[in-house]
Amino acid sequence: LYLYESKANVFVLKKSFGTSPDRLSISGDYEFLSYLKSREGPVFRDEFVKNATHDMRQPALIYFQNTHASLCYPILSEGEWCGLINLDVFDDKEESKLSILLGLYGDALARWLTYQSTAEQNRKLSEVAHVKDQLISNVTHELQTPLNGALGGCDVLLAHPNLDTDQKQSVLMIQKSTRELQRTIDQILSLVQIESKQTQLSREKVDLSTLVYEVSALYTDVCQPKGVVLHVPSASESISVYANADQMRAVFMNLIGNAVKYTEAGFVRVGFEKVADWIYVSIADSGIGIDEDKQHLIFEEFYQVDGSHTRVYGGTGLGLAIVKKIITLHGGKIWVESQKGAGAQFKLTLPVYPV
Ligand code: ADP
């Protein structure tokens with residue numbers, strides 16, 4: 001039995017019984033091999049012994065001589081080399097029966113080899129993914145310290161009594177950009193953390209009414225000057241889900257935050273409904289809405305409907321990607337119903353906390 005090693009383009013002897021073959025390895029370039037490959041089934045030495053005009057007679061006879069075989073079975077997987085089984089059969093009558101057996105064995109071996117190499121590739125890929133997550137995690141952590149320093153510096157400058165209007169404007173701009181950068185870094189970090197927590201998500205009873213009430217309180221200052229009214233279910237109406245509390249807070253911060261951000265007038269309304277084992281949540285607004293052909297893209301990382309440099313609304317394009325990952329991790333679903341200029345309604349499902 002020879003197994004093919006693609007990097008070196010060589011067939012290496014793995015096992016032999018009886019008389020050992022002369023060669024421990026066979027070069028993948030040997031011309032008879034491409035003929036074997038094209039046959040895809042058993043090839044007998046006798047074909048060449050009996051046919052003196054066969055094109056491949058010479059290389060075939062050399063091959064059978066070197067491998068001490070009378071029968072060769074090429075092992076292929078999806079047309080690619082896996083190996084060669086060479087057999088010396090003394091009894092001609094047994095040859096065809098044996099070739100059937102070899103075929104079965106060859107197929108099984110090809111499957112096993114493919115499985116092995118896929119498993120190996122998967123292992124390498126998950127190692128690379130782990131290194132990537134680790135790198136992002138380290139880099140983002142390292143960036144947090146200087147950014148905090150820059151923000152601290154802005155506070156000191158802003159407190160300076162002799163700052164003229166232009167200077168103050170410049171410091172405020174640095175402060176705003178630094179905060180945006182900090183938010184982007186926080187979001188990248190939380191994306192990586194959510195992905196790495198997939199197998200060890202700690203869940204508890206989370207009261208959605210209280211959570212949404214608390215989150216919406218953070219946005220009243222933004223809503224009031226615009227005249228946007230924020231409707232949330234009463235905090236006394238107890239609706240509980242089985243979820244990770246920190247992640248639920250991130251979900252509602254993002255969705256309510258977006259609804260408020262993209263609404264210049266009118267309302268933002270949060271609603272809950274229990275259907276069997278699921279809580280259906282809706283976050284509706286009377287804002288700018290989303291084009292139908294863009295709706296499938298907004299849950300992608302870094303996607304923004306208005307991604308231009310002159311865009312009116314700040315943001316990172318990561319919020320909805322994070323939200324979707326969290327909801328999916330909890331076994332739920334999230335989708336949007338909207339029309340450009342006619343508001344948006346985000347809907348999601350979360351598992352109810354069993355009573
Ligand atoms: P961002 O930080 O840009 O808000 P998100 O991932 O939260 O990123 O949202 C992606 C994009 O989806 C936004 O840039 C915006 O174009 C659109 N979007 C999200 N929520 C709303 C909404 N409530 N109304 C209109 N557009 C929205």
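The values are calculated or read from the model by the stated rules, or taken from the named source; none is laboratory data. Predicted model, so just to flag it, every value in this text is computed and none were measured. In this analysis, Cβ positions are derived from the backbone assuming ideal geometry, glycine residues included, and neighbour counts consider all displayed protein chains.
If you scan the stretch 140-176, which residues turn out to be loosely packed, with under 13 Cβ neighbours inside 10 Å and of a type in the set (V, I, T)?
T145, V156, T165
Looking at (1) surrounded by 17 or more Cβ atoms within 10 Å (Cβ to Cβ); (2) over 30 Å from S126 (Cα atoms); (3) modelled with pLDDT of 95 or more, which is the only condition V229 fails?
All conditions pass for V229, except number (1).
So how many residues does the stretch 110-139 have that are over 17 Å from the mean Cα position of the chain (by Cα), charged (D, E, K, R) and either at pLDDT 95 or above or surrounded by 11 or more Cβ atoms within 10 Å (Cβ to Cβ) (or both)?
1
Please specify each residue of the stretch 211-220 satisfying the condition of being exposed (fewer than 15 other Cβ atoms within 10 Å of the Cβ) and either polar (S, T, N, Q) or more than 13 Å from R249 (Cβ to Cβ) (or both).
Passing the criteria: only T220.
Just to be sure I understand, how many residues within the stretch 301-319 are over 16 Å from S338 (Cβ atoms), touching a residue at least 12 places away in the same chain (Cβ under 8 Å) and more than 6 Å from the ligand (Cβ to nearest atom)?
Count: 3.
Can you give me the ranges of the helices (runs of 4 or more DSSP H) entirely in the stretch 1-85 with at least 3 residues that are more than 23 Å from A110 (Cβ to Cβ)?
45-50, 57-67
Within the stretch 99-108, does at least one residue satisfy the condition of being touching a Pro at 6+ places or on another chain (Cβ under 6 Å), in contact (Cβ under 8 Å) with a residue 12 or more places away in the chain and part of a helix (DSSP H, G or I)? First the steps, then the outcome.
At the first step, the residues of the stretch 99-108 found to be touching a Pro at 6+ places or on another chain (Cβ under 6 Å) are 99.
Of the ones still in play, those that are also in contact (Cβ under 8 Å) with a residue 12 or more places away in the chain are 99.
Going one step further and asking which of them are part of a helix (DSSP H, G or I), we end up with 99.
Checked the stretch 99-108: at least one residue is touching a Pro at 6+ places or on another chain (Cβ under 6 Å), in contact (Cβ under 8 Å) with a residue 12 or more places away in the chain and part of a helix (DSSP H, G or I).
So which residues in the stretch 323-353 are among the hydroxyl-bearing types (S, T, Y), under 23 Å from E301 (Cβ atoms) and surrounded by 17 or more Cβ atoms within 10 Å (Cβ to Cβ)?
S338, T349
Residues that are among the acidic types (D, E) and either more than 15 Å from the ligand (Cβ to nearest atom) or touching a Ser or Thr at 6+ places or on another chain (Cβ under 6 Å) (or both): does the stretch 208-215 have at least one? Even if it seems obvious, please write down each step before you answer.
At the first step, the residues of the stretch 208-215 found to be among the acidic types (D, E) are 214.
Narrowing the set further to residues that are either more than 15 Å from the ligand (Cβ to nearest atom) or touching a Ser or Thr at 6+ places or on another chain (Cβ under 6 Å) (or both) leaves 214.
Yes, that holds for at least one residue.
Could you figure out which of (1) crowded, with 17+ Cβ neighbours inside 10 Å; (2) within 13 Å of the ligand (Cβ to nearest atom); (3) under 26 Å from the mean Cα position of the chain (by Cα) isn't true of A284?
(3)
Go through (1) surrounded by 11 or more Cβ atoms within 10 Å (Cβ to Cβ); (2) of a type in the set (D, E, K, R); (3) modelled with pLDDT under 90; (4) within 16 Å of N66 (Cβ to Cβ) one by one and return the number of the condition R45 breaks.
(3)
If you check I279, I322, I326, which single one turns out to be more than 8 Å from the ligand (Cβ to nearest atom) and assigned to a helix (DSSP H, G or I)?
Unique residue meeting the criteria: I326.
Which one is farthest from the ligand (Cβ to nearest atom) among residues in the stretch 258-276 that are assigned to a strand (DSSP E or B) and buried (at least 17 other Cβ atoms within 10 Å of the Cβ)?
F272
Could you please let me know if Y353 is more than 11 Å from the ligand (Cβ to nearest atom) and either modelled with pLDDT of 95 or more or closer than 24 Å to L211 by Cα (or both)?
Answer is yes for this residue.
Would you mind telling me which numbered condition in (1) near the ligand (Cβ under 9 Å from one of its atoms); (2) touching a His at 6+ places or on another chain (Cβ under 8 Å) I298 fails?
If we test I298 against (1) near the ligand (Cβ under 9 Å from one of its atoms); (2) touching a His at 6+ places or on another chain (Cβ under 8 Å), just (2) comes out false.
Among the residues of the stretch 329-350, how many are within 8 Å of the ligand (Cβ to nearest atom) and either within 14 Å of Q187 (Cα to Cα) or outside any loop (DSSP other than H, G, I, E, B) (or both)?
4
Where residues in the stretch 282-300 are assigned to a loop (DSSP other than H, G, I, E, B) and in contact with a Gly (Cβ under 7 Å, 6 or more places away or on another chain), which of them is farthest from P351 (Cα to Cα)? Show your work before the answer.
At the first step, the residues of the stretch 282-300 found to be assigned to a loop (DSSP other than H, G, I, E, B) are 286-291, 295-300.
Narrowing further to those that are in contact with a Gly (Cβ under 7 Å, 6 or more places away or on another chain): 286-289.
Working: S286: 28, G287: 29, I288: 30, G289: 28 Å.
Only one residue tops the list, namely I288.
State which residue pairs qualify: first residue farther than 18 Å from Y213 by Cα and touching a residue at least 60 places away in the same chain (Cβ under 8 Å) and inside the stretch 271-291, second residue more than 16 Å from the ligand (Cβ to nearest atom) and not aliphatic (A, V, I, L, M) in any location, beta carbons under 6 Å apart, and separation of 6 or more residues or different chains.
From residues that are farther than 18 Å from Y213 by Cα and touching a residue at least 60 places away in the same chain (Cβ under 8 Å), the pairs are W278/T349.
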